[in-house]
Amino acid sequence: MTALSAPEQNIPTPGPAAGATVRVEDVSKWYGNVVAVNSVTFEIGPGITGLLGPNGAGKSTLLHMLAGFLASSSGSVQILGQTAFGNPELYRHVGLVPEREAVYGFLTGWQFVLMTAKLHGLPDPEGATQRAIARVEMAHAQDRPTGGYSKGMKQRIKVAAAIVHEPGVLLLDEPFNGADPRQRLQMMDMLRQMAAGGCTVVFSSHILEEVERLAENVLVVVNGRLAASGDFRTIRRLMTDRPHTFTIRSADNRRLAAALMGSPAVDGVELYSDSLSVRASDFASFTLAVAGVAQQADVTLYELLPADESLESVFSYLVNR
């Protein structure tokens, strides 16, 4: 393999004061009659952005277009002011952590990261490799073949290879898969440090809690469409305040149904043989009120379950609201 030539000077390196480092304008990607991404537009600057959506929503396709590995069918994808696709010099400023296990099992962790450092033509590849492996806390296993790594260890060594050249833009596809709680916390701290240093970090996830803990901004993708974007707290409020359906089991379902009908937080109640189905316009208001209503009606609550809390139902609401 031949090392890349020296980086061109016309590609800017982002800093904390930089504007948008990632620009996607009216981008679509289709495979025959299958539309993977449909007319998506957004801008991202330094910091941490979460790409949130159910499996199959188009997140990986978007990340691969951002990384320049996949051409869009229409629209424009720019990274650091440069067209992403067909621009290999841009890879000096971009790191990608794919979801699939993109490691060579016969190489040790050290050899795998060092190979990437040499491909980038870094002046001190050994030193860069040592720093990257230390950042992901894999020094203890760096001399073992990656084929014997656990899934979480493979994820971390992929991250080390992606950051060995200290990229200005880091793209991660489901980076916490296979990681234990301690490893997740360590990786989150590392990503926050990179973002604080001016890096643009974009990571995909189908787990709401991961995005909530890490992302400052969020892009919600459903069926290839951008359903919502912006500050995570605002998006979470949209998700939480949407109409909800709850299943309730109690000591006296009929009496509780009558009492709930008088609550302003309840839109409707259906009585079944062993449960209630309650429609509420506001998640927070209903969950705060239901215990008090049951107490006043002298009814014991056995079970309270949201019936429509799958990510698919949440995202479907965002798309169709």
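The values are calculated or read from the model by the stated rules, or taken from the named source; none is laboratory data. Owing to the predicted nature of the structure, the values given are computational and were not obtained by experimental measurement. So basically every Cβ, Gly included, is an ideal-geometry build from the backbone, and we count neighbours across all protein chains shown.
Listing for the model above:
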quantity: Those residues of segment 267-284 which are surrounded by 13 or more Cβ atoms within 10 Å (Cβ to Cβ) and either hydroxyl-bearing (Ser, Thr, Tyr) or in contact with a strand residue (DSSP E or B) (Cβ under 6 Å, 6 or more places away or on another chain) (or both), in sequence order; calculated: ASP267, VAL269, SER275, LEU276, SER277, VAL278, ARG279, ALA280, SER281, PHE283
quantity: ALA84, sole failed condition from (1) over 18 Å from VAL202 (Cβ atoms); (2) buried (at least 23 other Cβ atoms within 10 Å of the Cβ); calculated: (1)
quantity: Helices (runs of 4 or more DSSP H) completely within segment 185-286 that count 1 or more residues being modelled with pLDDT under 85; calculated: 208-214, 232-240
quantity: Qualifying position, being surrounded by fewer than 17 Cβ atoms within 10 Å (Cβ to Cβ), under 23 Å from the mean Cα position of the chain (by Cα) and among the hydrophobic types (A, V, I, L, M, F, W, C), among ALA71, ALA67, ALA132; calculated: ALA71
quantity: Some residue of segment 157-175 being more than 24 Å from LEU80 (Cβ to Cβ), charged (D, E, K, R), in the same structural domain as GLY58 (by TED's automatic domain parsing) and without any contact (Cβ under 8 Å) to a residue 40 or more places away in the chain; calculated: no
quantity: Selection from segment 170-196 of residues that are within 23 Å of GLY121 (Cα to Cα) and out of contact with any helix residue (DSSP H, G or I) (no Cβ under 6 Å at 6 or more places or on another chain); calculated: LEU170, LEU172, MET194
quantity: Residues that are of a type in the set (Ser, Thr, Tyr), modelled with pLDDT of 85 or more and outside any loop (DSSP other than H, G, I, E, B), drawn from segment 287-315; calculated: THR287, TYR302
quantity: Out of PRO175, PRO145, sole residue that is surrounded by fewer than 18 Cβ atoms within 10 Å (Cβ to Cβ) and in contact with a strand residue (DSSP E or B) (Cβ under 7 Å, 6 or more places away or on another chain); calculated: PRO145
quantity: Unique match (being touching a Lys or Arg at 6+ places or on another chain (Cβ under 9 Å) and either among the hydrophobic types (A, V, I, L, M, F, W, C) or under 23 Å from THR21 (Cα atoms) (or both)) among VAL159, VAL94; calculated: VAL159
quantity: Selection count where residues are aromatic (Phe, Trp, Tyr) and free of Cβ contacts under 8 Å to residues at least 40 places away in the same chain, scope segment 100-134; calculated: 1
quantity: Cβ-Cβ under 8 Å pairs, at least 6 apart or on other chains, segment 185-198 side under 16 Å from ALA160 (Cβ atoms), far side part of a loop (DSSP other than H, G, I, E, B); calculated: GLN186/VAL136; GLN186/GLU137; MET187/VAL136; MET187/PRO175; MET187/PHE176; MET187/ALA179; MET190/VAL136
quantity: In segment 88-109, the residues that are surrounded by 16 or more Cβ atoms within 10 Å (Cβ to Cβ) and touching a strand residue (DSSP E or B) at 6+ places or on another chain (Cβ under 8 Å); calculated: LEU90, HIS93, VAL94, GLY95, LEU96, VAL97, PRO98, GLU99, LEU107, THR108
